[in-house]
Amino acid sequence: MRTWLRNHPRAITLMWAYVWLVFTLFPITDALAQPMGWRRWCALATCTLFIGAIVRSWLVYPAMPPNEYRAPAGFFATVAVICACQFAFVVFGGVQNMQMLIFAAAVIGMQLAPAQFLYGVAALVGFLAAESAWLVGRMGADRTVVTVTVIQIVIMLAMFFSLAQVFSSHRKLALANETIRQLTRITERERISADLHDIVGQSLTALSLKAQLTGKLLDKEAPNAAEQARQQLYEMQKLSQEALADVRRVVRDARRLTVAEEISAARELLKTAEIRLVVVGDPLQVDDDAERTAAHVVREAAANVVHHSVAATRCTIRTWSQGVRISDNSRVLPGPAREAPTEGGSGLAALEERVRGAGGTLRYGRTKSGWQVEAVFSSAEAHGPSAATEDTTEIHGGDWAMPTAVT
């Protein structure tokens, strides 16, 4: 459902607008109360035309007011039809149907371009003034009732316009965020291209020159030519290894992960699984390698909560300067399924090797309240928080030193 609404942004606005059509029951009731004859059929035809004009205004014209173009003439014709039908309602049903002009106020406030909004307001206020004068002077309507109704319509017009501007601001903000993401991707690609050109290009140039030199040495008949060619081949091998290491470093930096990004991704994942995420603590203060590893820990642990936890309703991610801990409240815990490495080396066993390679320690296991995974880097045991260990029933991955809750 959420995907469909995202692909059809006008659907929400249309549903919101069509709900108000229930108020057309009042003029329809007045029409049915007319004596059988041309007055009843004219009143019912007016109700049909009124509803059709409202539906057309939301279907044919933009649901939110943009700044970049003028409203077409058909838009004003549709508003004129709505106003004319409302006047007919007043004639057939009385002054209480004057409130049906709120539909015209909604169309003008929500759909009219801001550059022309004042013109729409002037036209609507002029129509209100003329209709009010006719009701008071010709129909003998209560002046107080008419005045209060006019004030209500003007207030609703301002409210609809303000609401439209909020929607427009949200659209502009979403567009700006998407532009920023695209510019970020472009900048990242340009950075990677520059790194590859500066680092790998230099190594490949050196390899090409040494290959040419090796070929010339092999063509010579000097006694030490073969030895010199062998030395050049050795240097070419060394350069190729260095170039490969440079490429891996560039790719690793391009795929740099952060704990904050993985927590954000985990929130969406857990929300889909209807598991509440609680995040507490302070940012990590570790090197880039440890940061990437901690991000992998968050990703793997969050995935385990979704795929392997039984009856978990809450997941808590705690961070401090030297570590991160992920715990859930599984009431029933499976056996070794959550501890075994998964295909592709992405399980906890492989994760433990990754953490160890980054100079940290991974601890995971069952607790009295659920399942827990913790990664501690550097000298976190000495500086990080420490928690009561009585909650731990079974822990793997070394001596357990569970930090205290970070508040």
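Scanning region 301-320 for residues that are free of Cβ contacts under 8 Å to residues at least 60 places away in the same chain and either in a strand (DSSP E or B) or of a type in the set (D, E, K, R) (or both) yields Val310, Arg314, Cys315, Thr316, Ile317.
Please determine, by comparing only the residues of region 304-321 that are under 10 Å from Ala273 (Cβ atoms) and within 22 Å of the chain's Cα centre (by Cα), which one is least open to solvent (accessible area, probe 1.4 Å). It comes out as Cys315. Can you pull out the residues in region 270-283 that are more than 25 Å from Gln322 (Cα to Cα) and open to solvent by less than 100 Å² (accessible area, probe 1.4 Å)? Selection gives Ala273, Ile275. Against the numbered list (1) at pLDDT below 85; (2) closer than 24 Å to His307 by Cβ, Ser386 comes up short only at (2). So which of Ala104, Ala88 ends up being within 27 Å of Arg40 (Cβ to Cβ), in a helix (DSSP H, G or I) and in contact with a Ser or Thr (Cβ under 7 Å, 6 or more places away or on another chain)? Going through Ala104, Ala88 in turn, just one is within 27 Å of Arg40 (Cβ to Cβ), in a helix (DSSP H, G or I) and in contact with a Ser or Thr (Cβ under 7 Å, 6 or more places away or on another chain): Ala88.
In a residue-by-residue description of region 251-260, the property of being touching a Pro at 6+ places or on another chain (Cβ under 9 Å) and either modelled with pLDDT of 80 or more or open to solvent by 100 Å² or more (accessible area, probe 1.4 Å) (or both) applies to at least one position. The residue that is modelled with the lowest pLDDT, among those in region 316-362 that are among the basic types (Lys, Arg) and closer than 12 Å to Glu300 by Cβ, is Arg338.
Results for (1) more than 47 Å from the chain's Cα centre (by Cα); (2) surrounded by 11 or more Cβ atoms within 10 Å (Cβ to Cβ); (3) under 30 Å from Gly120 (Cβ atoms), shown as yes or no for each residue.
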| residue | (1), (2), (3) |
| --- | --- |
| Phe167 | no, yes, yes |
| Asn177 | no, no, no |
| Thr184 | no, no, no |
| Ala211 | yes, yes, no |
| Pro223 | yes, no, no |
| Ala226 | yes, yes, no |
| Asp246 | no, yes, no |
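Only one of the listed residues (Gly52, Gly94) is modelled with pLDDT of 75 or more and more than 28 Å from Thr147 (Cα to Cα). That residue is Gly52. Considering Met110, Met139, Met159, the condition of being open to solvent by less than 80 Å² (accessible area, probe 1.4 Å) and in contact with a helix residue (DSSP H, G or I) (Cβ under 9 Å, 6 or more places away or on another chain) is satisfied by Met110 alone. When each of Met159, Met100 is tested for being in contact with a Pro (Cβ under 8 Å, 6 or more places away or on another chain) and at pLDDT 85 or above, the lone residue that passes is Met100.
The values are calculated or read from the model by the stated rules, or taken from the named source; none is laboratory data. Note that the structure is a prediction, hence the values are computed from the model and not measured. Glycine gets a Cβ as well: all are built from the backbone with ideal geometry, and neighbour counts include every protein chain shown. Side chains are part of the model used for accessible areas, which takes the heavy atoms of the whole protein and leaves out ligands, DNA and RNA. Shrake-Rupley method; radii C 1.70, N 1.55, O 1.52, S 1.80 Å.
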